[in-house]
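Before any comments, here is the structure.
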Amino acid sequence: MPSAQAATRAPLRAFTLAAAALLAGCATPTVDPYDASVVPVVLTGIADAGARDLRAPCREAVCKRLTASGGACSDVLLQLAGEGDARPAVTPGDLAQRYRIAFVPGFLSECFDRLARPFAGTEKVLCSQSFTVDYFQVPGRGSTAENARRLAAHFAALEADPRPIILFAYSKGLPDTLAFVASYPLAAKRIAAVVSVAGAFNGSPLADDLLPHYRKWVAAFPLPGCEVGTGEELHDLRRDVRLAWWQKNRQAVTLPIFSLVAAPRPEQISPAGLGTYRWLAKIDPRNDSKLLWYDQIVPGGTLLGYVNADHWGVAIPISEALPGLAFMFRDKVPRAALVEAAIEVVAESLGSSAPR
C-alpha cells in the first residue's frame, strides 16, 4: 500500500507537470497592450527611483559565509555596474537577541507545503543560532486582501516579545505583506523591516496573459493542503493592479523594504520554467522565469543584490523534496547564507541595537 506521503506526491507531480505544460503552451497574449487600465510607467536607474544601493555590504556578508563553506561568491551574486567596493564588516553577535525573524511564502506555496516548503532549511539554520523564527502560512490561492487578513491573525496570535521582526516575503508574499501593512498598521508596528525575496512588487506580465487560462484550468484544480481559488489570486498579480495599488497605498507603507532580486543567468533557469522564461524574455531576458528583474524592486526601498537563481530556486529546495524530478530544477542555492547576510545588513542599516 502506498504511503500517505507518496499518495500526496502523485497529484502534486501531476499538477506540476500539467501547470508547466499549460504555462509553456499558452503563449498568445490575451491582453490589449493599451487597455484603459494600463498605468503609465517609466524605466529608470536605481538611484533615480529613490532606492538605496547596499549591494556591496550584502556581497561582503554573503561572501564571508560562502568562503567559510568553500562556496564561490561569484556564482551566487551577480556583480553589475555601480556596486562599489565592500568594506570589511563584523557580524554582530547579538542579532538573535535583537530581532525576531518571520517568513511569508508565495503563490501556491500552501499547496506544496508538505513537500517543498520555502526556506525550510534556512529556518533550521536560524533556529540553531537561537533566532526565534515564525512561518506565517497564508492561503496558497488566496487574494492579497484575504492573505492580509490571515497575516493579521498570525500577528494577533504572537506572544508578547519586545524584539521587532525582520520579515522575509517571498514572491506574492510581498504584495500580501504590503496589503497587511497598509490595512493593519497597528499590528504591523512589530515589523522592523521587510526583505523581499523575488518579490512580485509590480506583479508579472504572465498574470496579465495567463489569467483566463488560470481561471479555467488551474484555480479549481484539486490539491491537498489548500483550498481552491477564484482567480483573484492571480488577478492580484497583474501589473496594472499592483501599480494602481501602490499609487493608492504607498503613503501607508512607511517601513523599510529591502530587495533580493532573483536574476539568474540563462543556464540557471530550471527546465520546468523555460517556457515562461522564454515568454518573458521577449520583454527582457533578465527575468527569473516568473518575474522581470526590475519588477522586484520597490521604489524608495533598498537593493541588497541580484541572486543568480530562478524564481523557484531562490527560495524552494524542490529537488531535495522531489528527487525524481530533480532534473527539472536548478535550485542548488545557499539560501541560508543569503538570509543570514540580509539580516546582518538590514540590522546595520536600521542602525539601532535596541528594540523599538
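Summary of values
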{"quantity": "Tabulated pairs, the range 210-230, first without any contact (Cβ under 8 Å) to a residue 40 or more places away in the chain, second surrounded by fewer than 18 Cβ atoms within 10 Å (Cβ to Cβ) and not hydroxyl-bearing (Ser, Thr, Tyr), C-beta under 7 angstrom, 6+ apart or interchain", "calculated": "TYR214/GLY231; ARG215/GLY231; ALA220/VAL228"}
{"quantity": "Yes/no for PRO323 being out of contact with any helix residue (DSSP H, G or I) (no Cβ under 8 Å at 6 or more places or on another chain) and surrounded by fewer than 20 Cβ atoms within 10 Å (Cβ to Cβ)", "calculated": "yes"}
{"quantity": "Residue within the range 54-71 that is basic (Lys, Arg), more than 30 Å from LEU211 (Cα to Cα) and modelled with pLDDT under 90 present", "calculated": "no"}
{"quantity": "Yes/no for ASP48 being closer than 30 Å to LEU237 by Cα, at pLDDT below 90 and surrounded by fewer than 13 Cβ atoms within 10 Å (Cβ to Cβ)", "calculated": "yes"}
{"quantity": "Considering residues of the range 82-104 that are of a type in the set (Val, Ile, Thr) and in a loop (DSSP other than H, G, I, E, B) only, the residue modelled with the lowest pLDDT", "calculated": "VAL90"}
{"quantity": "First in the range 326-350 and free of Cβ contacts under 8 Å to residues at least 12 places away in the same chain, second anywhere and assigned to a helix (DSSP H, G or I), Cβ under 7 Å, 6 or more apart", "calculated": "ALA326/SER319"}
{"quantity": "Sole exception among (1) assigned to a loop (DSSP other than H, G, I, E, B); (2) within 18 Å of LEU80 (Cα to Cα) for ASP295, by number", "calculated": "(1)"}
{"quantity": "Yes/no for ALA207 being under 23 Å from LYS332 (Cα atoms), small (Gly, Ala, Ser) and under 20 Å from the mean Cα position of the chain (by Cα)", "calculated": "no"}
{"quantity": "Only one of VAL261, VAL298, VAL345 that is surrounded by 19 or more Cβ atoms within 10 Å (Cβ to Cβ) and either of a type in the set (Ser, Thr, Tyr) or farther than 20 Å from ILE165 by Cα (or both)", "calculated": "VAL261"}
{"quantity": "Any hit, the range 186-204, residues being assigned to a helix (DSSP H, G or I), surrounded by 22 or more Cβ atoms within 10 Å (Cβ to Cβ), within 18 Å of the chain's Cα centre (by Cα) and at pLDDT 95 or above", "calculated": "no"}
{"quantity": "Count of residues meeting criterion [buried (at least 24 other Cβ atoms within 10 Å of the Cβ), among the aliphatic types (A, V, I, L, M) and in a loop (DSSP other than H, G, I, E, B)] in the range 137-185", "calculated": "1"}
{"quantity": "Check on ASP284, closer than 23 Å to VAL42 by Cα, out of contact with any Gly (no Cβ under 6 Å at 6 or more places or on another chain) and part of a loop (DSSP other than H, G, I, E, B)", "calculated": "yes"}
{"quantity": "Residues that are more than 16 Å from the chain's Cα centre (by Cα) and not in a helix (DSSP H, G or I), drawn from the range 317-348", "calculated": "LEU322, PHE329, ARG330, LYS332"}
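The values are calculated or read from the model by the stated rules, or taken from the named source; none is laboratory data. Not measured: the values here are computed from a predicted model. Backbone-built Cβ (ideal geometry, glycine too); neighbour counts: all protein chains shown.
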